[in-house]
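J.: Okay, here's the structure, questions in a sec.
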Amino acid sequence: MFDIFQNTTRPNRDLFFHKNDVNDRRLGEIILPAEYDDSDVVILGCPQDEGVRRSGGRTGAALAPAAIRRQFYKLTDFGINRKIFDLGDTIIRKTLEETHENQTAIVEQILLAGKKLIILGGGNDISFADGAAMSKIYGGENWTALNIDAHFDVRVDCPRNSGTPYRQLLDGKFIAPANFYEIAFQTSAASPVYYEFLKSIGVNLISLEAFQSSKNIFRGSFNDQLPIFWGFDVDAVRAADAPGVSAPSPIGLTAEEFCSLAATAGSSGNTKIIEFCEVNPNYDIDNRTARLVAVAMHKFICAIK
C-alpha cells in the first residue's frame, strides 16, 4: 500500500509558533502534537515552481508552503473546532511529471481516509495532480472544480506547466465541463481564444466584473451536491492586498472577497480540497500575501460544520 509518510517530509518544527500563554493559545502550539488518525483536516505542501519556470513566469513559489505556515501558526484557535494535522510536504521528484504522480497518490490516500485537505503550492500546475486524485476517487463526471484565478490555465502547451492544469483535466476527461467553473477571470489577462473554447464545451464562466457586481451570480450557480475542489490562484487577488504572487495585477478580488470565498468553501459539507497556489515570497511585502492565505485557511476551517 502507498505510504503517505514515506512520500512526504515532515514540516519544520521551527514554523510552529509558540506564545506560551495559556490564555492566548496559538495554532502552532495546538497542531504540532496532533495525530493524523484523529484529524479532520490535513495540511499538505508541494514546494516546487518548475511549472512556473516552464511557462516563463517568475520563480519563487517553491518557498510558499513554509512562508504560509509561518504565518498560519501564529494565528489563534478562535472559532476552530476541527482537529488539524500537518502532514508536511510532498517529496519533489526529478521531473514535474513525477512530482505530480507523487502528489496525486498522496492526495488520493488522504481523500480515501475521509479527511479534508488544505494544499499549499507551489505552482498552479498541481491543480492537475490534485484534480486527478479527485477524479480517481469520485469519477470524472461526479465532482465539481472551481478555479478562482485571473487566468483560465487551459493552455495547450507541451510540456505541462502552470498554465495547463485545467486543460489537462478537461482533455483527459478527469472533469466534466459542466461541473467546471472559471471564477474571477480578468478579461485583460485571459485569452479570448481560450474563452471561446471554454464557452463552446459548456464550462461555467464568471468574470471578475460579473462576480464583483453580483455575488449571487456565483453563490447560486455551482453544484454543491457533488464533491468539490476549490483551486485558489492567489494571482486572482489585487496586488494591493497580495503583492507576493507569480503574476500580480492592480485589479482583482479584495482580501475580504478572497477570505469570504474560503469561508464559503468551508461551509460546504462536500468540499474535499482547498488549494492555494502561486504565492511568491520573493516578492511579498511584510509577508502580506502569506498572511492573507493564512487568514483564508483560518476562515475555511472555522466555517466547517
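Here, each number is a calculation from the coordinates, and none is a lab measurement. These numbers come from a predicted model, not from an experiment. Neighbour counts are summed over all protein chains in view; Cβ atoms, including those assigned to glycine, are modelled from backbone coordinates with ideal geometry.
J.: Picking from G45, G121, G140, which is most flexible by a Gaussian network model of the chain using Cα springs under 10 Å?
T.: G140
J.: So, one more: For V22, put the label point 7 Å out on the Cα→Cβ axis and report which residues of segment 71-88 keep their amide N under 18 Å from it.
T.: From segment 71-88, the list is 77.
J.: Which of rounded, prolate or oblate describes segment 85-150 when judged by the alpha-carbon gyration tensor and an a/c cut-off of 1.5?
T.: Verdict is rounded for segment 85-150.
J.: Nearest 10 degrees is fine. How inclined is helix 192-201 to the longest principal axis of the chain, computing both from alpha carbons?
T.: With both axes taken from Cα atoms, the answer is about 90 degrees.
J.: With 23 Å as the cut-off, how large is the P(r) tail for the chain, expressed as percent of Cα-Cα pairs?
T.: Value for the chain (Cα pairs over 23 Å): 51 percent.
J.: Follow-up question, since we're still on this one. For segment 152-305, what is the relative contact order in percent, using Cα pairs closer than 8 Å and at least 6 residues apart in sequence?
T.: Details: 240 pairs, mean separation 28.9, N = 154.
With pairs under 8 Å counted, the relative contact order is 19 percent.
J.: Here's a follow-up. Using a Förster radius of 45 Å, what is the FRET efficiency between A189 and Q225 based on their Cβ-Cβ separation? Nearest 0.05, please.
T.: E between A189 and Q225, to the nearest 0.05, is 0.90.
J.: For segment 194-294, what does the alpha-carbon gyration tensor say about shape, rounded, prolate or oblate, given a ≥ b ≥ c as the root eigenvalues, a/c under 1.5 as rounded, and a/b over b/c as prolate?
T.: Note, shape of segment 194-294 comes out prolate.
J.: Separate question: Rounded, prolate or oblate: which one fits segment 9-143, using the alpha carbon gyration tensor with axes a ≥ b ≥ c (rounded when a/c is under 1.5, else prolate when a/b beats b/c, else oblate)?
T.: Taking the square roots of the gyration eigenvalues as a ≥ b ≥ c, segment 9-143 is oblate.
J.: For Y138 and D40 in one chain, what is 0.36 nm times their gap in residues minus the Cα-Cα distance, to one decimal in nm?
T.: 33.3 nm
J.: Related question: Under 10 Å, Cα contacts only: if you run a Gaussian network model on the chain, which one of F229, F197, F276 comes out with the highest mean-square fluctuation?
T.: F197
J.: Compute the angle between helix 288-303 and the longest alpha-carbon principal axis of the chain, please, reported from 0 to 90 degrees and rounded to the nearest 10.
T.: Helix 288-303 sits roughly 80 degrees off the main axis of the chain.
J.: If you place +1 on the Cβ of every Lys and Arg and -1 on the Cβ of every Asp and Glu, how big does the dipole about the Cα centre of segment 56-163 come out, in debye to the nearest 20?
T.: 440 debye
J.: Can you tell me the length gained on complete extension of the stretch C158 to A240, counting 0.36 nm per residue apart and subtracting the Cα distance?
T.: Using 0.36 nm per residue and subtracting the Cα-Cα distance, I get 26.2 nm.
J.: May I pose another question? Taking the beta-carbon count within 10 Å as an exposure proxy, list E101, E35 from fewest neighbours to most.
T.: E35, E101
J.: Counting each DSSP H run of 4 or more residues in the chain as -39500 (n - 2.57), what helix-only mean residue ellipticity at 222 nm follows after dividing by all residues, to the nearest 500 deg cm²/dmol?
T.: On the way: 11 runs with 105 residues, N = 305.
After summing the helix terms and dividing by the residues of the chain, the value is -10000 deg cm²/dmol.
J.: Which value in nm describes the separation of the simple spin-label points at I91 and S213, placed 7 Å from the Cα toward the beta carbon?
T.: Using points 7 Å along Cα→Cβ, the separation is 5.2 nm.
J.: Treating cross-link reach as a plain straight distance, find the lysines whose alpha-carbon is under 19 Å from the alpha-carbon of K299, omitting any fewer than eight places away in the same chain.
T.: K74, K83, K115, K116, K215, K272
J.: Also, I was wondering about something else. Restricting to bridges with both residues inside the chain, how much of the DSSP beta-bridge set is antiparallel, in percent to the nearest 5?
T.: 10 percent
J.: Considering the options V295, C46, I68, tell which one lies farthest towards the positive end of the dipole of the chain, charges being +1 on Lys and Arg and -1 on Asp and Glu at the Cβ, about the Cα centre.
T.: So the residue furthest toward the plus end is V295.
J.: Related question: To the nearest 10 degrees, how steeply does helix 126-138 sit against the main Cα axis of the chain, on a 0 to 90 scale?
T.: Relative to the chain, helix 126-138 is tipped by roughly 90 degrees.
J.: Rounded to the nearest 20 Debye, what is the dipole magnitude of segment 92-218 about its Cα centre when Lys and Arg each give +1 and Asp and Glu each give -1 at the C-beta? Could the numbers behind the result be given before it?
T.: Values: 11 positive and 14 negative charges, 48 e Å.
Its charge dipole is roughly 240 debye.
J.: Same structure again: Rank by packing, highest mean first: peptides 285-293, 200-208, 19-27, with packing defined as the count of other Cβ atoms within 10 Å averaged across residues.
T.: Per-residue mean Cβ counts within 10 Å order the peptides as 285-293, 200-208, 19-27.
J.: Among I251, A265, A240, which residue has its Cα furthest toward the positive end of the charge dipole of segment 233-293, with +1 on Lys/Arg Cβ and -1 on Asp/Glu Cβ?
T.: Sorting the options by dipole projection puts first A265.
J.: With only Lys, Arg, Asp and Glu charged, each at its Cβ (+1 for the first two, -1 for the last two), find how big the charge dipole of the chain is about the Cα centre; round to the nearest 20 debye.
T.: Approximately 280 debye in magnitude.
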